[in-house]
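Reading through the structure tokens given below for one structure.
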Amino acid sequence: MATTQQQQQRRHPPAPASPSPDSDPVDEEIAFDRRLPGLMIPDLFTQLPPVRDPLVTATSAVQDETVDVCLPFLAGECPEDFEYNEHGVPRLDRARHVRFLHQCLGKLPGRFVAADASRPWFLYWCLSALTMLGEDVTTYRESVTETARSMQNDTGGFGGGGRQLSHMATTYAVVLSLALVGGEEAYEVVDRKAMWRWLCSLKQPDGGFQVCLGGEEDIRGAYCAAVIISLLRLPLDLTPESPAYTGDGSVNLFTGVADYVRRCQTFEGGISGQPNAEAHGAYAFCALGCLALLDHPGRSIPSYLDVPRLIAWLSSRQYAPEGGFSGRTNKLVDGCYSHWVGGCFPLIEACLNNPPSSSSGRSGSSGGGESSTTAAASSAAAAATAATTTSSNLPPADESLFSREGLIRYILCCCQDETKRGGLRDKPGKMSDAYHSCYVLSGLSSAHHQWELDGEPEKPDARPRSNDPAAAAAAAGPEGPSGPEDAEAEEAAVWAVLPYLDGLQVFDNGDRVRPIHPVYAIPQPSVRAIRGDFAEREGF
Ligand code: FPP
Ligand code: K
């Protein structure tokens, strides 16, 4: 543990001496922590920021406490059985995390009765985390398929368990879980026609979605609906029973969604759950994911959001010395925001670096790529992109828009449970759980990879672009590299992934986790498989 003197030193770092004319400029720039010989850890991650607000409040006090619990982990000082590399970064403890996650999929202790309605979430969190760790989750196919079946309602959608009301979040979690275990028997559980009717009943005249019948309308509803519609390739037409139905074919499931998302951007630049509420990182991810499904994200994101202000807000979520992200202004870092906030950056980077070619407009289909596109769908898609700002109007992201090193340090140093228990967590002192394991690893995956967008699916360069075949294979996962034959011509954008190789790599090569699709948050091959399966079906 850090001594009190060391902690004092950190709290009041000595004022940097003004550089003497003959001092080495390189030395000034890279000031490694000299108190821990052998470990190369920049001061940024071992000291308090040089500028501090002297006003002490409840908020600043908990922030200081958080830094105090994180610093020893970041400085390579504890716990003793963490094996730190020369950068002061511990290994990813795969074996323990895998064991923890398998346990979470088994029988849980009685106190988990409070989480009964979240059972679909436990499936998704564990299956997704295991997949990112390289585990084969098809062994769960049968049990997940049967569990999902028991959660489905005849009136469409999935509840948190048998005889529970269908909810957008539990339905999203079940659909993703079925996609993760994969296979026709899993996909076939979904009653797509009932699902479509149920989604229509949740669609609101202002463009958004309620999360359940008579429930609240928020941006989670919009994102979950877009993911479900896209993965299951549901038609966009509205049923006459839908609250948003107009009768003249001018409105469909995607109409007004982008505008609803626009209304959720706040004065801070971040995104709130509903218009006129507080910006929160979880909703920023929902906003970007949702827009990315409505059209090529290089068009839809800059058309509906003030991207520079959003980037400023997202960047302000990353703290030093912790390196991790907070969910909102004046709150604490939490490992789960590695995904909710960290997962926004690859999406934005891809948009800025691969703007859609101005000539290639929409091909007339929904961005969700649904196959039975109707005239209404096309007109909604056109309406969704009526304002056509593209990312070509914004400067490219020449460098990473966030500190990948900082996030990786926070995750590997502070978010791994250091006991035999395993699993990943919010911050030191908190218990690991399935939710944090999933989203900490999702964030790690975002830090480990970079995504590129190709708006013209027919082009033969949709495969991972890398001169290093091993790196390309690693990025593609065990299913092998994605060839152009996988590109779905009706998708608004084709995503390609590369391992992120720029800058200093502080983690060990074997610790790179599998990539997940930046929008669906499951591996790209799983997305292709389920969408490919439903593409072949006529109607329902
Ligand atoms: C604040 O919690 C948290 C929120 C306001 C939103 C949380 C929502 C999600 C994590 C996921 C939504 C997305 C989908 C797809 C369902 P807090 O006050 O405990 O935490 P904080 O202090 O870090 O803000
Ligand atoms: K929290």
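The values are calculated or read from the model by the stated rules, or taken from the named source; none is laboratory data. In this text the structure is predicted, and so the values were computed from the model without any measurement. Reconstructed Cβ throughout: ideal geometry from the backbone, glycine too, with neighbour counts over all protein chains shown. To get the accessible areas, we keep the full protein, side chains included, count just its heavy atoms, and leave off ligands, DNA and RNA. Shrake-Rupley method; radii C 1.70, N 1.55, O 1.52, S 1.80 Å.
Checked against the criteria, residue 350 counts as within 30 Å of residue 42 (Cβ to Cβ), part of a helix (DSSP H, G or I), away from ligand 1 (no atom under 14 Å from the Cβ) and in contact with a strand residue (DSSP E or B) (Cβ under 8 Å, 6 or more places away or on another chain).
Does residue 453 count as at pLDDT 95 or above and crowded, with 23+ Cβ neighbours inside 10 Å? Answer is no for this residue. For residue 199, are the conditions met, namely being at pLDDT 95 or above and over 17 Å from residue 287 (Cα atoms)? Against the criterion (at pLDDT 95 or above and over 17 Å from residue 287 (Cα atoms)), residue 199 qualifies.
In region 273-286, the count of residues that are away from ligand 2 (no atom under 16 Å from the Cβ), closer than 26 Å to residue 152 by Cα and in a helix (DSSP H, G or I) is one or more.
Taken over region 391-442, the criterion of being within 20 Å of residue 282 (Cβ to Cβ), surrounded by fewer than 22 Cβ atoms within 10 Å (Cβ to Cβ) and among the polar types (S, T, N, Q) is satisfied by no residue. With respect to (1) outside any helix (DSSP H, G or I); (2) within 23 Å of residue 217 (Cα to Cα); (3) not β-branched (Val, Ile, Thr), the lone exception for residue 134 is condition (2). Contact map, region 176-191: first residue at pLDDT 95 or above, second residue among the acidic types (Asp, Glu) and open to solvent by 10 Å² or more (accessible area, probe 1.4 Å), Cβ cut-off under 7 Å, separation 6 or more or different chains; pairs are 184/533; 187/533. Counting residues in region 303-312 that are of a type in the set (Asp, Glu) and modelled with pLDDT of 95 or more gives one or more. With the structure loaded, tell me whether residue 269 is under 22 Å from residue 389 (Cα atoms) and either modelled with pLDDT of 95 or more or surrounded by fewer than 24 Cβ atoms within 10 Å (Cβ to Cβ) (or both) or whether it fails that test. Here the answer is yes, as residue 269 does meet what is asked.
Being within 16 Å of ligand 1 (Cβ to nearest atom) and modelled with pLDDT of 95 or more is a property that holds for residue 285. Under the condition of being buried (at least 22 other Cβ atoms within 10 Å of the Cβ), more than 14 Å from ligand 1 (Cβ to nearest atom) and in a loop (DSSP other than H, G, I, E, B), the residues counted in region 290-343 number 5. If only residues of region 251-273 that are under 14 Å from residue 307 (Cα atoms) and polar (S, T, N, Q) are counted, the one that is nearest to the chain's Cα centre (by Cα) is 265. Residues that are in a loop (DSSP other than H, G, I, E, B), crowded, with 22+ Cβ neighbours inside 10 Å and not basic (Lys, Arg) within region 230-251 comprise 234, 235, 236, 238, 251, listed in sequence order.
For region 139-171, filtering for residues that are more than 23 Å from residue 424 (Cβ to Cβ), open to solvent by 50 Å² or more (accessible area, probe 1.4 Å) and in a helix (DSSP H, G or I) leaves 6.
Scanning region 49-75 for residues that are assigned to a loop (DSSP other than H, G, I, E, B), open to solvent by 10 Å² or more (accessible area, probe 1.4 Å) and under 20 Å from residue 325 (Cα atoms) returns 49, 50, 51, 52, 53. In summary, residue 440 fulfils each of the numbered conditions (1) farther than 21 Å from residue 342 by Cβ; (2) within 19 Å of the chain's Cα centre (by Cα); (3) at pLDDT 95 or above with the single exception of condition (1).
Residue-wise test of (1) farther than 21 Å from residue 297 by Cβ; (2) small (Gly, Ala, Ser).
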residue: 210; (1), (2): yes, no
residue: 214; (1), (2): yes, yes
residue: 234; (1), (2): no, no
residue: 258; (1), (2): no, yes
